[in-house]
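Worksheet for the structure shown next.
The values are calculated or read from the model by the stated rules, or taken from the named source; none is laboratory data. All figures in this text were calculated on a predicted structure; none of them were measured in a lab. Glycine also receives a Cβ, built like all others from the backbone with ideal geometry; neighbour counts cover every protein chain displayed.
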Amino acid sequence: MNKYHSFALLCILTILIASATGNTAVITMTDDSSIAAEQIEYADNTLSVVIGSETTRINRNEIKNISFTAQTRTTEVFATDSADLAEILPKAQELLQKYPDAQSILVTEEGNYQHRKDGTNLSRYRCVTYLAQDESLWEAQISLSFDPNRETIRVLHARSYTPDGAVHVLSPDQIKISKGTSGSVYFDQYQDLSFTIPEAAVGGLIDYCYETEEFNPFDRNLFQGRFYFQGSQPVGESVLRVSVPHDKSLHYVVQNVASGTAPEKTEAVDSIIYTWKFTDLPPVISEPSMPAYRNIVPAVYYSLHKDFTYVHEKLRPMFEKRFQLTEAVKEKVNELIEGASNVHEKISRLYQFCQKEIRYISIKGNLASNQVGHPAEDTLKNRYGDCTDKGMLLATMLKHIGVEAYPVGVRTNDTGRAVRDIAIFDDNHCITEVHLDGRIFYLDSTATDYRYPYFRPDNHEAVADNTMLGTLKQVPLPPPEDNAAHITRKIELSADGTTRIEFESTQNGSTESSFRSAARNLKAEEYEKQIREQVSALTADYVLELATHTDPLDFNTQFKARSAYTLNRFATKSGRYMIFAIPFFEMGFAEVSLEKRRYNIEYGTSRLRTDQVEIKIPASFTVKYLPPALRVQSPYVEFEVIYDQQGDSINIKRKLAFPRRIVPVADYNSFKQDLEKIAHASKQKIFLEEKATEGVKP
């Protein structure tokens, strides 16, 4: 038995058994055999187990685990008082009248989070949900994740209340505990406790309550959390209670609440209890390109620490220990940069190595691996690691070429703004912060299709937490030119409407990454098939001549795609007139499809698209009508399109840029009008008129 596991088990024995003496439990031995005990007592490293009339003593070194959730108890003992369900059901039915389309209603929930004097933590959560439609029955399937080395979890009750007033209680033997499954590239020590609430029925309630005890916290001076009070279902009542000892201060941030952010404070015997309560919350109705939920719903974040000083001081030595430029790392860097002509070429090579040669696999086990990752040399030797490991390795490699760099934590913008007002672990990603020539820029080696110096758009405008320097800096939003697609089309029209098109596109930034990724995952014949499907959507009568692209694995050149095809009799003929719409020129904007919006529009990043079109018209036709030029200029969108005729050629230049990531609700109407103008302009057609032949009047 390793030292850490032994320590964790000792904590279970001393903390839990002391408070649970007399309760039954399932004891798992080191040989994986199990014992169902009716009563247990612990003293002097020995567990006294009562089974029937006999008492057996077991040394703690022989014990692998003790489960109080898998215990064999009678239904009467397992079930707590359910009298309040008869009062809750009418409240649910009243809410249903207000929200008749709801699939389910969260009638009441209560979260209680307690930080004890000894630094351990205890939480209890109860949730009562009304099932309004068949689609909500899945909510009776409950899965709870926990770390068995740090936590124990105990179901206090789980039951359904059917429309006829009957209560159906979950039996303890229906609870399953299994190894957590989070994907093929994620490995941690978490386990899942799962069960299905019996006899759940439409028109009834499901009610469950569980308790989690963190007996072995990462750090007994850390206590933090978050609680959200609204979601996709209506909420009758949502209550959060947080309690800390009198000698500790609780710092909190309340977001997305217009007023009344101060909690109710209650003096208890050994603690202060902070209570937030929200009632009658409507469901969040989804909108196109809306913000993450945490940016729009009422939320409370809390921590024992007002700023990041303690957290940084705790983590900094761990970073420094892993941020070591060893001989193995130096040797690999020297190999990779050999022959590079300048520092940016060196950075590019190291960036590509960490992107492509270090496989993404996440292995987590404790505070160090969760927040700091593994030593750079370990990641290099293993050739795998998660975002933290990759960020650490790249920063260490850059150190060898004299470039100052650090792994920094961010919360990606697609998951909402990170809380930085108080000290909580609120990052879900790690990137690399580079200091070079008096400026700071960022790289993300988790994405394999980005050419230096570009990086993932979900990092843009995130706030980077640099533990080693103790700084918080916002990742800049790149200009639209750094996320651009440049498209050229050469079009030749024939007198019968047949249209031949030569297409070419180049990209950079996130747009280029998307093209590279798609091309990398398709065989040549599959790519051609994809182009055929796109062209055939215009007309079934076509000939594809070319569909190719540059090597998506060549990061030394900009990615380029080319195609050529002929659309037979594509342009519409009407008497002496030909009506022509440029293929794939029309634009649509789903984000402004609503008459009004409740929430901001949030894009992933800035972006730019340019189109240059040259149309060669038939010698027997003249231009009858060209769409007018249009120019739109605002803080959120820049657009210009110009049609110009030169002899038998029509030249079109178009530019569309979104320089900002967020469009506030206050500016939605004007933004909507601008995009609708642009969409309308993109649908305009070109009219040609056939020249009169000699001796024939037009």
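For SER620, only one of the following conditions fails: (1) over 19 Å from LEU688 (Cα atoms); (2) touching a residue at least 12 places away in the same chain (Cβ under 8 Å). What is its number?
Checking SER620 against (1) over 19 Å from LEU688 (Cα atoms); (2) touching a residue at least 12 places away in the same chain (Cβ under 8 Å), the one that fails is (1).
Among the strands (runs of 3 or more DSSP E) contained in segment 602-660, which hold 2 or more residues that are among the polar types (S, T, N, Q)? I'd like the intermediate steps shown before the answer.
Details: elements: 607-616, 621-625, 630-633, 638-646, 649-658.
Answer list for segment 602-660: 607-616, 638-646, 649-658.
Conditions tested, residue by residue: (1) at pLDDT below 95; (2) assigned by TED's automatic domain parsing to the domain that holds ASN556; (3) small (Gly, Ala, Ser); (4) within 29 Å of LYS653 (Cα to Cα).
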{"residue": "ALA447", "(1), (2), (3), (4)": "yes, no, yes, no"}
{"residue": "TYR450", "(1), (2), (3), (4)": "no, no, no, yes"}
{"residue": "VAL463", "(1), (2), (3), (4)": "no, no, no, no"}
{"residue": "THR471", "(1), (2), (3), (4)": "no, no, no, no"}
{"residue": "ILE501", "(1), (2), (3), (4)": "no, yes, no, yes"}
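Kindly list, by first and then second residue, each pair from a residue in segment 251-267 that is of a type in the set (A, V, I, L, M, F, W, C) to a residue that is part of a strand (DSSP E or B) and at pLDDT 95 or above, limited to pairs with Cβ atoms under 7 Å and residues at least 6 apart or on different chains.
Final answer for the pair search is VAL253/TYR301; VAL254/VAL300.
Can you name the residue in segment 253-277 that is of a type in the set (D, E, K, R) and either modelled with pLDDT of 95 or more or assigned to a strand (DSSP E or B) (or both) and, of all such residues, is farthest from the chain's Cα centre (by Cα)? I'd like the intermediate steps shown before the answer.
Applying the first criterion (of a type in the set (D, E, K, R)) to segment 253-277 yields 264-265, 267, 270, 277.
From the residues that got through so far, the ones that are either modelled with pLDDT of 95 or more or assigned to a strand (DSSP E or B) (or both) too are 264-265, 267, 277.
Values: GLU264: 33, LYS265: 34, GLU267: 39, LYS277: 27 Å.
Among residues in segment 253-277 that are of a type in the set (D, E, K, R) and either modelled with pLDDT of 95 or more or assigned to a strand (DSSP E or B) (or both), the one farthest from the chain's Cα centre (by Cα) is GLU267.
Against the condition of a type in the set (Ser, Thr, Tyr) and farther than 14 Å from THR379 by Cβ, how does TYR360 come out, does it pass? Outline the logic, then answer.
Numbers: of a type in the set (Ser, Thr, Tyr): yes; farther than 14 Å from THR379 by Cβ: no.
No.
When you go through (1) surrounded by fewer than 20 Cβ atoms within 10 Å (Cβ to Cβ); (2) without any contact (Cβ under 8 Å) to a residue 40 or more places away in the chain one by one for ILE401, which number turns out not to apply?
Here ILE401 clears every test but (2).
For segment 311-426, which helices (runs of 4 or more DSSP H) that fit wholly inside it have 2 or more residues that are under 27 Å from the mean Cα position of the chain (by Cα) and under 29 Å from PHE555 (Cβ atoms)? Break it down stepwise before answering.
On the way: elements: 327-337, 343-356, 367-371, 376-382, 387-400.
Correct list: 343-356, 376-382, 387-400.
Among the hydrophobic types (A, V, I, L, M, F, W, C) and in a loop (DSSP other than H, G, I, E, B): does that describe VAL300? First the steps, then the outcome.
On the way: among the hydrophobic types (A, V, I, L, M, F, W, C): yes; in a loop (DSSP other than H, G, I, E, B): no.
The answer is no for VAL300.
Does ASP449 satisfy the criteria of being of a type in the set (D, E, K, R), in a strand (DSSP E or B) and surrounded by 22 or more Cβ atoms within 10 Å (Cβ to Cβ)?
Details: of a type in the set (D, E, K, R): yes; in a strand (DSSP E or B): no; surrounded by 22 or more Cβ atoms within 10 Å (Cβ to Cβ): yes.
So ASP449 does not fit the description; no.
Scanning segment 126-138 for residues that are of a type outside the set (A, V, I, L, M, F, W, C) and crowded, with 18+ Cβ neighbours inside 10 Å, which turns out farthest from PRO283 (Cα to Cα)? Break it down stepwise before answering.
Of the residues in segment 126-138, the ones of a type outside the set (A, V, I, L, M, F, W, C) are 126, 129-130, 133-136.
Restricting the remaining residues to those that are crowded, with 18+ Cβ neighbours inside 10 Å gives 126, 129-130, 136.
Values: ARG126: 20, THR129: 14, TYR130: 14, SER136: 15 Å.
So the residue we want is ARG126.
Give me the residue from segment 600-618 that is β-branched (Val, Ile, Thr) and under 18 Å from ILE662 (Cα atoms) and, out of that set, surrounded by the fewest Cβ atoms within 10 Å (Cβ to Cβ). It would help to see each step written out before you state the result.
As a first pass, look at segment 600-618 and keep what is β-branched (Val, Ile, Thr): 601, 605, 610, 613, 615, 617.
From the residues that got through so far, the ones that are under 18 Å from ILE662 (Cα atoms) too are 601, 605.
Values: ILE601: 25, THR605: 22.
Checked segment 600-618; the qualifying residue surrounded by the fewest Cβ atoms within 10 Å (Cβ to Cβ) is THR605.
From the list THR498, THR511, exactly one residue is crowded, with 16+ Cβ neighbours inside 10 Å, of a type in the set (Val, Ile, Thr) and closer than 30 Å to ARG576 by Cα. Which is it?
THR498
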